[in-house]
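Rule-based calculations on the coordinates, nothing more; no lab input. Owing to the predicted nature of the structure, the values given are computational and were not obtained by experimental measurement. Here the Cβ is made from the backbone with ideal geometry for all residues, glycine too, and neighbour counts use every protein chain on show.
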Amino acid sequence: MIDRFIQITRAVIEEDGFDGYLPTLLLPQQNEVLVLDDLPNEVDIGQAALDWAGAIAGQEQDYFLAFKLDDSHFRVIARLDGQTSEQVCLA
């Protein structure tokens, strides 16, 4: 499933560009996609995205999270059935 989320993320980046890519959270059980916006420039985007995902998904809920690492990479974190995996991807 993480591969499918990566494909979707790349499709969004291809359509909208990568410069303004915002942290994106998919909650598969609710079939809901959320975007974290209004982040100050001086905040650590990765930590803010992880904190945000944890606050929304809680301890039990599955999720997929993607956020920009640098000008050409994004990081995907998936929590499925209590197991967390992550991958760094080329945009």
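Within the set of other residues whose C-beta is less than 15 Å from the C-beta of Gln47, count the net charge using Lys and Arg as +1 and Asp and Glu as -1.
Local net charge: -2.
Please build a GNM for the chain, connecting alpha carbons under 10 Å apart, and tell me which residue among Leu39, Leu25, Leu50 fluctuates the most.
Largest GNM mean-square fluctuation: Leu39.
Considering all projection directions equally, how large on average is the shadow of the alpha-carbon convex hull of region 1-74, in square nanometres?
In nm², the orientation-averaged hull projection of region 1-74 is 5.1.
Would you work out the Kirkwood radius for region 31-73? I mean one over the mean of 1/r across all pairs of different Cα atoms, in Å.
Working: mean 1/r = 0.0863 Å⁻¹.
The Cα-based Kirkwood calculation yields 11.6 Å.
Treating only the Cβ atoms of Lys and Arg (+1) and Asp and Glu (-1) as charged, compute the dipole magnitude of region 38-91 about its Cα centre; round to the nearest 20 debye.
For region 38-91, the charge dipole is close to 140 debye.
Return the FRET efficiency for the residue pair Leu50, Glu15: r is the Cβ-Cβ distance, R0 is 35 Å, and the value is rounded to the nearest 0.05.
For Leu50 and Glu15, the calculated efficiency is 0.85.
Starting from the Cα of Gln30, move 7 Å in the Cα-to-Cβ direction to define the label point; list residues of region 37-61 whose amide nitrogen is under 20 Å from there.
Label zone hits: 37-39, 48-61.
Build a GNM of the chain with springs between Cα atoms under 10 Å: which of Glu42, Glu32, Glu15 gets the top mean-square fluctuation?
Glu42
Given points 7 Å out from each Cα along the Cα-Cβ axis, report the Glu42 to Val88 separation in nanometres with one decimal.
Here the modelled spin labels are 2.7 nm apart.
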